[in-house]
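Notes to accompany the following structure.
The numbers here are math on the coordinates, done by the rules we state, and not lab data. The structure presented is a predicted model; accordingly, all values stated were derived computationally and were not measured. Glycine gets a Cβ as well: all are built from the backbone with ideal geometry, and neighbour counts include every protein chain shown.
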Amino acid sequence: MITELGHFCLILAFMVAIVQMVVPLVGAHKRWTGWMAVAEPAATVQFLLTAFAFGALTWAFVTSDFSLQLVVLNSHSAKPMIYKISGTWGNHEGSMLLWVLIVTLFGAMAAWFGGGLPPSLKARVLAVQSAIAVAFFAFILFTSNPFIRLAVPPFDGQDLNPLLQDPGLAFHPPFLYLGYVGLSMAFSFAVAALIEGRVDAAWGRWVRPWTLAAWVFLTIGIALGSWWAYYELGWGGFWFWDPVENASFMPWLLAAALLHSAIVVEKREALKSWTILLAILAFGFSLIGTFIVRSGLLTSVHAFANDPERGVFILIILAVFTGGALTLYAMRAGAMEAKGVFGVVSRESALLTNNIILAVSCFVVFVGTMWPVIAEMFFDRKLSVGPPFFNMAFTPFMVLLGIILPVGAMLPWKRGKLGRAMWPLRYAFMLAVALGLLAWAMQTGRSALGPVGLFLGSWVVFGALVDLWSRTGRGSNRLARLTRLPRADWGKATAHAGLGITMFAIAGLTAWEQEDIRVAQLGEPFEVGAFTLTLDDVIDLEGPNYLSTTGLVTLAKDGRTLAQLRPEKRQYPVARMPTTEAAIDYRFLRDVYVVIGDQQTNGGWTVRTYIKPLTNWIWAGCILMSLGGALSLSDRRFRVAAGARRRAGTQGLPAE
């Protein structure tokens, strides 16, 4: 009964979304207040109906309702409860329902917290957001219905993909979708502004919180996915430049560019055209990511579906929304004339350079991701583009970004002098150079990547601290003034410092990692770097829904035992799929990463060991970036209504 109600609510939400898409848009055009007012209650009702539908599907997974086809294909009665719940979105149909739930959630939040928006702009924003929801409601109901019943339910299900039965992957998709779909709000604001024909400082202020929230969620989602790949897949890496990884990374780059570009619109009313374009492209790349994951166009361990019919439907959605928005953008180019002028040396120029670097780096990732498909379609050649290409093509842009970031933050608006901006950073620069030289002197026979990474990361971190300190003015009581700085300033410094730490950690890990692969005999110690490892025993264990072959490994250094590690090989009988569970000794400066393989004919076992320096610093940097974004978001000046109410009395309905 609950399942049928969920399906019915999904259909009702589709109908409400159509009303919300049409009525407020007509009302805004005709200046009919009553029609515009329909948007707010419709957004709330649409969200509540979709939430009930999603709750009904979740209930079916929790109760193991095997009369539902989706539950049969992606669950099992013996599965732990957390994975029964995460099984709701661990498949194509359920993940698309989560997608549309988040679309309606953001629309409802715009209705709830957008009290300071001009009525016509608010109506148009909610109408565009609902148009996105209409497209995905149609996609779900006509091609990916999660509520299909089975005439003869089986006794039990086929289980969830074992790779997804992990805490990291349980929370990774919701955060990633909050970021992906959150960019739809920036898109809706951009299209609504294009329809009105006006982009001003108030628009920049309104769009920034939504972009910032999406960027924070996307950062958390990408970090969780990277962390999962590191400890779950057993290959020892945190990033493989997989097509689906790239699909989430490209919107992140454009969202970061949009976030900085919107600052210029708000502060100086410049870069309007560029900011609107970024808002369109950021959400467009989110749709491209959805297409990559679900069309079968590119092969990936993360792919949800390989159905060309579904891929064509998503491609149509991508063409309609991105193509339509870009057409409207071209038609309204004259309405986005910039008011603020600025010199070559200015904060505006630095932010524009930042934008160009991020946008070009996104384009590089896109070309590398899609080139195998292009080569096969047009040149009849099968090519593989892997990490070497991405590392060589992408890294220089990040190095350039790290170099200019501290300087750009110190430049004044409109025009400035490079020497004056650099002077407060002189000690930060010297300290960063000293740390890089120290790393160079301490390492022997290795590449320059580690020292360069340490310099770059230190430069970004120290530059962020200098920027924060410079905002306290001069004279005494600077520490007291530091504590009273706006949260947005603290958030900016924290996020930039997090980026610097992540840069250094990735460079250090890549440069100084050690790897050892051998056949280990029981009880015989072996050396890897400065550590001694001993495979004491291999035992068979039984888990809730899997069988495990577990190695017992003693990790020691200088004769002192540091840890007892238990790497596993798991076999899931229902899914008939093996997985590898790495054993990791986490420490502040390094990880020792151990994976057990198959037994060999001589009685030994294949053991892979990695010494991974600074790995945890990657996650720490991501946490700091997310925390910095959250701190900025908590600043009252970043709320949608802040500042807008001051204009509400003087801002009437805009001319068409």
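Annotations for the structure displayed:
- A simple spin-label model places pseudo-atoms 7 Å from Cα toward Cβ; at Phe142 and Met422 they are separated by 6.0 nm.
- Calculated FRET value between Arg566 and Arg446, using beta carbons and R₀ = 51 Å, to 0.05: 0.95
- Neighbours of Thr579, meaning other residues whose beta-carbon lies under 13 angstrom from its beta-carbon, give a summed charge of -2 when Lys and Arg score +1 and Asp and Glu score -1.
- Inter-part distance where the stretch 452-498 and the stretch 369-404 are each reduced to a Cα centre, Å: 35 Å
- Placing dummy labels 7 Å off each Cα toward the beta-carbon, the span from Gln521 to Leu400 is 5.6 nm.
- Selection from Ser144, Leu117, Leu57 lying farthest towards where the dipole of the stretch 1-165 points positive, charges on Cβ: Leu117
- Gap separating the Cα centres of the stretch 602-621 and the stretch 231-300, nearest whole Å: 29 Å
- Equivalent-ellipsoid semi-axes of the stretch 514-615, from the Cα gyration tensor, Å, largest first: 24, 16, 12
- Percent of C-alpha pairs per 5 Å bin, the stretch 37-156, short to long: 2, 12, 20, 18, 15, 11, 9, 6, 4, 2, 1, 0
- Protection-proxy order for peptides 577-588, 375-386, each taking the mean of Cβ atoms within 10 Å per residue, highest first: 577-588, 375-386
- Neighbour net charge for Thr58 - beta-carbon separation under 12 angstrom, K R +1, D E -1: 0
- Over 32 Å between alpha carbons, listed pairs Lys30/Lys492; Lys382/Lys612; Lys417/Lys492: Lys30/Lys492; Lys382/Lys612
- Computed extension gain for Leu5 through Asp540, at 0.36 nm per residue and net of the alpha carbon distance, reaches 188.1 nm.
- Charge dipole magnitude, Cβ of K and R +1, D and E -1 - the chain, Cα centre, debye nearest 20: 3600 debye
- 17 Å Cα-Cα reach of Lys272 towards lysines, excluding residues that sit fewer than 8 places from it in its own chain: Lys339, Lys414
- Cα pair count fraction exceeding 15 Å, expressed as % - the stretch 1-75: 60 percent
- Listed by chain and number, the aspartates and glutamates placed with their C-alpha closer than 17 angstrom to that of Lys79 are Asp65, Asp156, Asp159, Asp166, Glu542; residues fewer than eight positions away on the same chain are left out.
- With 0.36 nm allotted per residue and the present C-alpha distance subtracted, the Thr601-Leu326 stretch has 92.7 nm of extension available.
- Loop-located chymotrypsin sites (Phe, Trp or Tyr not before Pro) in the stretch 85-156 (DSSP state not H, G, I, E or B) with no more than 16 neighbouring Cβ atoms inside 10 Å: Phe155.
- Evaluating 6.51 cos²θ - 1.76 cosθ + 1.60 at θ = phi - 60° for every residue in the stretch 215-227, the Karplus couplings come out as 5, 5, 4, 5, 4, 5, x, 5, 5, 4, x, 5, 4 Hz, glycine and proline recorded as x.
- The sum of -39500 (n - 2.57) across all DSSP H runs of n ≥ 4, divided by the residue count of the chain, sets its helix-only mean residue ellipticity at 222 nm to -21000 deg cm²/dmol.
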